[in-house]
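A short worksheet on the structure shown next.
The values are calculated or read from the model by the stated rules, or taken from the named source; none is laboratory data. Quantities reported herein were computed from a predicted structural model and do not represent experimental measurements. FYI the Cβ positions are ideal-geometry reconstructions off the backbone, even for glycines, and counts take in every protein chain you see. For the accessible areas, the whole protein counts, side chains as well, though only heavy atoms, and no ligand, DNA or RNA atoms are used. Shrake-Rupley method; radii C 1.70, N 1.55, O 1.52, S 1.80 Å.
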Amino acid sequence: MAGGVGCTVVSLARLAPMSFADELRATALALSAPGKGILAADESTGTIGKRLASIGVENAIENRVALRELLFSAPGFEKYVSGVILFDETLRSTGKSGTSFAEMLRSRGVTPGIKVDAGTRALDASPNETFTQGLDGLAERCEEYYAMGARFAKWRAVLTIDEAKGLPSALALAENANALARYASACQSRGLVPIVEPEILMDGAHGIEVCGAVTRRVLDAVFSALRLHGVQLDGMILKPNMVTPGASAKTSANVDAEVARATVAALCDAVPPSVPGILFLSGGQSEEEATERLRLMNTTQKADRAPWTLSFSYGRALQASCLKAWGGKSENVSAAQAVFLDRCKSNSEASIRR
């Protein structure tokens, strides 16, 4: 395994340049503050268009900006949120006051971040699997984003389980782990804390045991690559999937407890204790499932088995109900913000170790 809890992890990898090493560590710790998580508001123009269409709102820049301003100006959300992942357009946008969104967040003690990958493409040798694009010119883009106020970044790799086809393949594991490591190294060289996001999709009818085994394989490959590329492990954040049954699998009545147990077990086997925070993606889970499973991880699993903060980096699981409450209407902003704050508060409480 890549180095589990209770093991002495010895890394020969170089640290990030000394000018950034301390800053990276401090930022990663701030993003992993107990009781706080990250809001993923980094939907691409196409993705946010689908969400706006679901409430009958045109995918125009003024509506995209209005939704982001609704979220970022919610009164008191900084009590529950340590950072926000932005899309390039959003980082360059301003609110009604003329203040940039990055400055708006920083003034509230919330760290701005930026999505830096360029989406996925099919692997030529394995067309049912993908790799993530965006490495060309990445260091230079990170330097620009740092100057604009961003202090962390996100890169998503996508993997699929298909037992009949032997997926994920060794090729997909190697390609995505290497790309995540190259991304993380480039970010740290320019002062950005990398959020490393290897997502195993919920598609399929596989059981939770299969997902657990694949999650361990994926994390082993990722941390091996991170070490090889000299990534500073205490200056990064891991954003993994929870260990869940496939979306088409038959599940038991106590599936939430099973997910919590299986997830913590897999992480303890594969994630070095030097990583400060594990902030989960919500994937295909409902708002309630994502919150309850996180709560169970922090309340029913032994704290000494999990040396990292276990918290959230949710997009849809924080925004879905808020989006419906808003409906694109200015008169609904306060009501929508109240719904958003309720979701933030619930997940904040779920991330506190008890």
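Of the residues making up region 313-342, just one is touching a Ser or Thr at 6+ places or on another chain (Cβ under 6 Å) and of a type in the set (F, W, Y), namely Y314. If only residues of region 66-100 that are among the β-branched types (V, I, T) and open to solvent by 30 Å² or more (accessible area, probe 1.4 Å) are counted, the one that is farthest from Y314 (Cα to Cα) is T99.
Do we find that A290 is within 16 Å of the chain's Cα centre (by Cα) and either over 30 Å from A186 (Cα atoms) or part of a loop (DSSP other than H, G, I, E, B) (or both) in this structure?
Yes; evaluated as a whole, the condition is true for this residue.
For the residues R293, R343, R353, the requirement of being of a type in the set (K, R), closer than 23 Å to G212 by Cα, free of Cβ contacts under 8 Å to residues at least 60 places away in the same chain and touching a strand residue (DSSP E or B) at 6+ places or on another chain (Cβ under 9 Å) singles out R293.
This table checks each residue for (1) in contact (Cβ under 8 Å) with a residue 12 or more places away in the chain; (2) more than 20 Å from K115 (Cβ to Cβ); (3) of a type in the set (G, A, S).
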site: A41; (1), (2), (3): yes, no, yes
site: S44; (1), (2), (3): yes, no, yes
site: I48; (1), (2), (3): yes, no, no
site: S54; (1), (2), (3): yes, yes, yes
site: A60; (1), (2), (3): no, yes, yes
site: V65; (1), (2), (3): yes, no, no
site: L70; (1), (2), (3): yes, no, no
site: G76; (1), (2), (3): yes, yes, yes
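Among residues of region 281-290 being out of contact with any strand residue (DSSP E or B) (no Cβ under 7 Å at 6 or more places or on another chain) and not hydroxyl-bearing (S, T, Y), the one that is surrounded by the most Cβ atoms within 10 Å (Cβ to Cβ) is Q285.
Return a yes/no flag: does region 336-348 have any residue that is within 21 Å of M202 (Cβ to Cβ), at pLDDT 95 or above and either basic (K, R) or not in a loop (DSSP other than H, G, I, E, B) (or both). Within region 336-348 (the criterion being within 21 Å of M202 (Cβ to Cβ), at pLDDT 95 or above and either basic (K, R) or not in a loop (DSSP other than H, G, I, E, B) (or both)), the answer is yes, since at least one residue qualifies.
Within region 253-271, residues that are in contact (Cβ under 8 Å) with a residue 24 or more places away in the chain have Cβ atoms under 6 Å from residues that are small (G, A, S) in these pairs: A262/G212; V264/A306; A266/G212; C268/G4; D269/G4; A270/A2, counting only partners at least 6 apart in sequence or on another chain.
Residue-by-condition table, conditions (1) surrounded by fewer than 23 Cβ atoms within 10 Å (Cβ to Cβ); (2) not in a loop (DSSP other than H, G, I, E, B):
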{"site": "M242", "(1), (2)": "no, no"}
{"site": "K250", "(1), (2)": "yes, no"}
{"site": "V259", "(1), (2)": "no, yes"}
{"site": "A265", "(1), (2)": "yes, yes"}
{"site": "P273", "(1), (2)": "yes, no"}
{"site": "L279", "(1), (2)": "no, yes"}
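Applying the criterion of being of a type in the set (V, I, T) and out of contact with any strand residue (DSSP E or B) (no Cβ under 6 Å at 6 or more places or on another chain) to the residues of region 216-245, the residue that is nearest to S311 (Cα to Cα) is V243.
Going through (1) out of contact with any Asp or Glu (no Cβ under 7 Å at 6 or more places or on another chain); (2) under 28 Å from S224 (Cβ atoms); (3) basic (K, R) one by one, R293 falls short only on (1). All of (1) over 18 Å from the mean Cα position of the chain (by Cα); (2) more than 30 Å from E163 (Cα to Cα) hold for A125 with one exception: (2). For G204, the test of being outside any helix (DSSP H, G or I), buried (at least 20 other Cβ atoms within 10 Å of the Cβ), out of contact with any Lys or Arg (no Cβ under 7 Å at 6 or more places or on another chain) and at positive phi is passed. Which one is surrounded by the fewest Cβ atoms within 10 Å (Cβ to Cβ) among residues in region 145-175 that are closer than 26 Å to T244 by Cα and free of Cβ contacts under 8 Å to residues at least 12 places away in the same chain? Selected residue: A164. The residue of region 101-121 that is nearest to V333 (Cα to Cα), among those that are among the hydroxyl-bearing types (S, T, Y) and open to solvent by 60 Å² or more (accessible area, probe 1.4 Å), is S107. Restricting attention to region 221-230, the residues that are farther than 17 Å from R156 by Cα and either of a type outside the set (S, T, Y) or surrounded by 24 or more Cβ atoms within 10 Å (Cβ to Cβ) (or both) add up to 4.
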